[in-house]
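Single-structure report; data block below.
The values are calculated or read from the model by the stated rules, or taken from the named source; none is laboratory data. Being a predicted model, the structure only gives us computed values, none of them experimental. Note: ideal-geometry Cβ built from the backbone for every residue, glycine included; neighbour counts use all protein chains shown.
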Amino acid sequence: MEQNVSTLRSRIRVAAKQDPADVVIRNGRIVNVFTGELMTGDIAITGGIIAGIGTYEGKETIDADGRYIVPGFIDGHVHIESSLLTPQQFARVLLLHGVTTVVTDPHEIANVAGTAGIQYMLDAAEHLPIDCYVMLPSCVPATLFESNGAQLDAEHLKPFYSHPHVLGLAEVMDYPSVANTEARMLNKLIATQQAGALIDGHAAGISREGLNVYMAAGIRTDHESISPQEAQDRLDMGMYVMIREGTVAKDLDALLPVVTQRNARRCLFVTDDKLIDDLVNDGSIDHIVRLAVAKGLDPITAIQMSTLNTAECFRLHQHGAIAAGYQADLLLLDDLEQVKIHQVYKRGRCVVDAGRLVEEEDLPKNPIGSLSGCMLGLNAQKVEPSKLAIPLKGNLCHVIEVIPNSLVTHHRIEQVDVKDGMFSPSIDKDLLKLAVIERHHATGNVGVGIVKGFGLKRGAIATTVAHDSHNIVVVGASDDEILSAIEEVTRTGGGAAVVAGSEVLASLPLPIAGLLSDRSYGEVYEGLMKLVKAMSEIGASQAFNPLLTLSFLTLPVIPHLKLTDKGLFDFESNSHIAIEA
């Protein structure tokens, strides 16, 4: 928040009780995240900043009526694009769940549209009812084992560091480039450090001693722990541990036992990737707090991990606490353990009351502009059926097996059905065909593989949300249905579709870079619910989110077996491998 002599003088005069505050909130039980205790006192607010806690008079007085008052929640690592919403609509949903600040990494849209994608998100951040800070994408492309829409080097990122919403460099997922001191990566790290900015990590599958490489490079956080030992290793080596609970990756159960009163200040909650249906139905950071408390974590510690810890991790010195000099982002809770939100205050103004946004006026809209032309590769050529064929000499194949609610997959070798020398999908064995079709540069690349775990009885599911290069990814029971699904998401300019036979059961257009809808969150929610219903109709597993799980089967920086437009990728060997074993 901009500050000058006049605003500082005004705040000090209110703190000294020489002038009345703009707003005073009374009769609340304040959660002190510094001491871990409850305290009482009037909260005096002026110019959107807390001026003091004690006994104050104000131009407006709000009676908290004995409710708990906690700082607004902060999501320390989130990809807004995964919600399928524009930043404006995303912010509305988050406010309803008490999230007043986010730290986002726009590497999804950057992998499609480069610097134009980053600028789109920064422009949107100027007009949001929440504070939106950006970590610049570090890996565009994420790896050289797939085709994406852009390449961002240090010189492309440097101009953005002067932007007031930019905090640093986002999750560095190309560990080999750091460990091998490759120049392109080192230049990005040095440019970030020279700007005095932060660097996030992405240490999936990295050993305890391997973490030294990241720490030595100035990388201080990680959100990829999936076991208690991994979380403990990161804490031991000096990293912040981001405990993730999103739509696909749900790590809270595994990691919470590691959290103690001694190390809790080095832990924070993040969502990473969460679809609009889960945001609406379950919530965001508030949902993680509820789950953690239900599993035995002290409520104030859980709130501390969702506020002050995150603020300190990202040097957001005016966020994350209720104290003089801090931004007046506050939640009034009817129940501390259930995080039952009565009101949300952003910069001292009530923005949510009794579960409803106080102001429903239209927010400024970002023009779609050039970000609508991101299907050029697919529009330039049609996918030939022959590109989907998997010729085999035998019947033993490398198979991707989905692990429910995890980004990690199993690498299996299984017997498959073969017909006329080609792989034939089997409903009975739950062995389906998976394909990734390059959509950015008309390369004609089509990667094919075999996947187990979706449970489809018929039909196909396709989406242009396919981390991190965001080509088209499709899973299906037959080639014809796979082709129909590809045609539908191409027709809509990007999006997601479910087909059965030649019928499109449901389709959700995502015209902004093939990642975001230009509709309201309510309309996107309804569209996604139609997709969910259609996926159920074709037999998709109900043990996990099939759509978002599908979108992560293309991410080669996560163990163990994935598929890119260039073929089947083995994380362990860091290379593409043949389908036939």
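Quick one: is His287 free of Cβ contacts under 8 Å to residues at least 60 places away in the same chain, within 16 Å of Thr100 (Cα to Cα), surrounded by fewer than 23 Cβ atoms within 10 Å (Cβ to Cβ) and not charged (D, E, K, R)? In short, no. Tallying residues that are modelled with pLDDT of 95 or more and among the hydroxyl-bearing types (Ser, Thr, Tyr) within segment 170-185 yields 1. In a residue-by-residue description of segment 392-406, the property of being in a strand (DSSP E or B), of a type in the set (S, T, N, Q), at pLDDT 95 or above and surrounded by 13 or more Cβ atoms within 10 Å (Cβ to Cβ) applies to no position.
Within segment 36-48, residues that are touching a residue at least 60 places away in the same chain (Cβ under 8 Å) have Cβ atoms under 9 Å from residues that are outside any strand (DSSP E or B) and among the aromatic types (Phe, Trp, Tyr) in these pairs: Ile43/Tyr56, counting only partners at least 6 apart in sequence or on another chain.
Here is the figure for segment 105-120: residues that are surrounded by 23 or more Cβ atoms within 10 Å (Cβ to Cβ) and outside any loop (DSSP other than H, G, I, E, B) total 10.
A single entry from Gly320, Gly325 fulfils the requirement of being within 23 Å of the chain's Cα centre (by Cα), at pLDDT 95 or above and farther than 20 Å from Leu252 by Cβ: Gly320.
Taking the criterion of being touching a residue at least 24 places away in the same chain (Cβ under 8 Å) and farther than 22 Å from Leu8 by Cβ, the residues of segment 49-70 that qualify are Thr61, Ile62, Asp63, Ala64, Asp65, Gly66, Arg67, Tyr68, Ile69, Val70.
Tell me whether segment 175-198 contains one or more residues that are outside the structural domain of Ser469 (by TED's automatic domain parsing) and under 20 Å from Asn309 (Cβ atoms).
Checked against the condition, which is being outside the structural domain of Ser469 (by TED's automatic domain parsing) and under 20 Å from Asn309 (Cβ atoms), segment 175-198 yields at least one hit.
Screening segment 77-93 for residues that are closer than 24 Å to Ala311 by Cβ and among the hydroxyl-bearing types (Ser, Thr, Tyr) and picking the one that is surrounded by the fewest Cβ atoms within 10 Å (Cβ to Cβ) gives Ser82. The set of residues in segment 217-233 that are hydrophobic (A, V, I, L, M, F, W, C) and either within 19 Å of Leu169 (Cα to Cα) or outside any helix (DSSP H, G or I) (or both) comprises Ala217, Ile219, Ile226. Only residues that are assigned to a loop (DSSP other than H, G, I, E, B) and buried (at least 20 other Cβ atoms within 10 Å of the Cβ) were counted in segment 414-444, giving 5. Only a single criterion out of (1) part of a strand (DSSP E or B); (2) under 13 Å from the mean Cα position of the chain (by Cα) is not satisfied by Glu60, namely (2). For segment 187-205, a tally of residues being surrounded by fewer than 18 Cβ atoms within 10 Å (Cβ to Cβ) and either acidic (Asp, Glu) or free of Cβ contacts under 8 Å to residues at least 12 places away in the same chain (or both) returns 2.
For the residues Gln119, Gln89, the requirement of being assigned by TED's automatic domain parsing to the domain that holds Lys158 and without any contact (Cβ under 8 Å) to a residue 24 or more places away in the chain singles out Gln119. Kindly indicate whether any position in segment 499-508 is in a loop (DSSP other than H, G, I, E, B) and touching a strand residue (DSSP E or B) at 6+ places or on another chain (Cβ under 6 Å). No, that holds for no residue. Taking the criterion of being farther than 22 Å from Val33 by Cα and out of contact with any strand residue (DSSP E or B) (no Cβ under 9 Å at 6 or more places or on another chain), the residues of segment 333-360 that qualify are Arg356, Glu360.
Checking Asp272, Asp253 one by one, the residue that is within 21 Å of Asn111 (Cβ to Cβ) and within 22 Å of the chain's Cα centre (by Cα) is Asp272 and no other. Which number in (1) farther than 24 Å from Pro141 by Cα; (2) out of contact with any Lys or Arg (no Cβ under 6 Å at 6 or more places or on another chain) marks the one condition that Ala477 misses? The failed condition is (2).
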